[in-house]
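Report on the structure given below.
The values are calculated or read from the model by the stated rules, or taken from the named source; none is laboratory data. What you are looking at is a predicted structure, and each value in this text was computed from that prediction instead of being measured. Note that we place each Cβ from the backbone using ideal geometry, even for glycine, and neighbour counts take in every protein chain shown. The accessibility values were calculated without ligands, DNA or RNA, using every heavy atom of the protein model including side chains. Shrake-Rupley method; radii C 1.70, N 1.55, O 1.52, S 1.80 Å.
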Amino acid sequence: MTSTEIQNSGEEPCFRLEHLPGKSPHLAGKESPQVNSRWDAPQVMANGVHDIEDRILRITGYYGYKPGYSSHRREDGTESHAETPVSETSGDGTAYQTCVNTVLKVLGGLLVVLCVSSCWVGITQVVQLTFKSFSCPFFITWFSTNWNILFFPLYYSGHVATTREKLTPIQKFRECSRLFGEDGMSLKVFLKRTAPFSILWTLTNYLYLLALRKLTATDVSALYCCHKAFVFLLSWIVLKDRFMGVRIVAAIMAITGIVMMAYADGFHGDSFMGVALAVGSASTSALYKVLFKMFLGSANLGEAAHFFSTVGFFNLIFISCVPLILYFTRVEHWGSLSSLPWGYLCGVAGLWLVFNILVNVGVVLTYPILISIGTLLSVPGNAAIDVLKHEVIFSVVRLAATCIICLGFLLLLLPEEWDTVTLRFLTTLADKKTEEHGEELTESSVHTRSRSRANGVVSIPMA
């Protein structure tokens, strides 16, 4: 059959090896071996592709050849390729779930930031409203601190509502008492550990309220943000934390803002006294945080709730005598209990309790840096209320001082490895730009070569 007939018939060419006549392919006297399975005729597929491949492999003597090898190999490849998307799908699902969790965590953090900022703005504004009819800052501080006793009962209620293995209040209290040591809570530990923190807590809030009687809410909240710089300086000196140049710059900026704030109305009068009180509040707050880190370390949500309730209990027992002394000495005198503005007092105490709860819950559920940003956002919040409601006009010096303090606060939020991370990011960005530039050069050279070929010009590469 000629090649033309083969093509017209539509059949595949077949090659067959025949024995010579009279010759046996095997030696005489030897039993003819069985036909090897590799010489078996392959199964002809519908398209004939596998059959041709098998014949080529058989003729060329491919080692380890088996009939249908190519088809098996293709089927195995198909199965392997079919399995690959499953792993890719599972990897994509894990990445998607991680991305969703991160987004939810960030959104929850932003919600907590708004709540923290709103609570701090509410505390500052309600206190100023209270001063119009009841100017007793220490009594307000003492009354609000007593509400911290409710922190642990609220935490235990949440524990009962969300946990299957429920502990009794005594068991949970003892479990959270490990913050004070392995021996738990005792009278000696109670007085030794709680007394200094309770005094610093009361002093911080009392000085903050005194400053609100001298300055606007915006100025006091901006000056209070300097506590972050004081925490860094004390941690560097006392706790031997890592030295960071950017944080030293931030601390200098905070001090500069304080000086500018005091200079705004001259170094005399109520303005200077208000700045001193606000800076004193920020200093005692920084000392409180550094001592807590030194003696108690880090605390989870249950331990924090236990600690705040203990501070409130200490305040109720041992500091209740101070408002009475101030009352009888006419330093802070009020009329009958029925004449007190209980609505404002309860509002300040409730907002302070919610603020403390949000700060501790937010640190556990979201990123701690977002909680710090919430405190910073109270500055523009108070400024908006002062301008719109109280019609306060800020001088250029006060605005500049506030901006400098806020910028220093943001610099203090930078992580310790910010320089390494920034250099790594810049290096990656530079490498990516270099790769993109190289790809553009390659594409342009290919385009130029194709145009040269289209014009009949052949470029001969140099050897």
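Restricting attention to the range 227-246 and to residues that are touching a residue at least 24 places away in the same chain (Cβ under 8 Å) and either more than 20 Å from W201 (Cα to Cα) or assigned to a loop (DSSP other than H, G, I, E, B) (or both), the residue that is least open to solvent (accessible area, probe 1.4 Å) turns out to be M244.
In summary, R330 fulfils each of the numbered conditions (1) more than 25 Å from L223 (Cβ to Cβ); (2) surrounded by 14 or more Cβ atoms within 10 Å (Cβ to Cβ) with the single exception of condition (2). Each residue in the range 225-279 was checked for being among the charged types (D, E, K, R) and over 21 Å from K289 (Cβ atoms), and 2 of them qualify.
Pairs under 7 Å by beta carbon, first residue part of a helix (DSSP H, G or I) in the range 247-260, partner loosely packed, with under 15 Cβ neighbours inside 10 Å and among the β-branched types (V, I, T), six or more apart or different chains? From the range 247-260, the pairs are M260/V397. Evaluation of G184 against the conditions (1) on the phi > 0 side of the Ramachandran plot; (2) assigned to a helix (DSSP H, G or I) shows that the sole unmet condition is (2). Of all positions in the range 269-277, at least one carries a residue that is assigned to a helix (DSSP H, G or I), surrounded by fewer than 16 Cβ atoms within 10 Å (Cβ to Cβ) and in contact with a Lys or Arg (Cβ under 6 Å, 6 or more places away or on another chain). The one condition from (1) modelled with pLDDT of 85 or more; (2) touching a Lys or Arg at 6+ places or on another chain (Cβ under 8 Å) that K172 does not meet is (2).
Set side by side, the residues G343, G347 differ, and just one is without any contact (Cβ under 8 Å) to a residue 12 or more places away in the chain, outside any loop (DSSP other than H, G, I, E, B), open to solvent by less than 70 Å² (accessible area, probe 1.4 Å) and on the phi < 0 side of the Ramachandran plot, which is G343. Taken over the range 360-389, the criterion of being loosely packed, with under 14 Cβ neighbours inside 10 Å, in contact (Cβ under 8 Å) with a residue 12 or more places away in the chain and not in a helix (DSSP H, G or I) is satisfied by no residue. Given the structure, is L209 crowded, with 24+ Cβ neighbours inside 10 Å and at pLDDT 95 or above? In short, yes.
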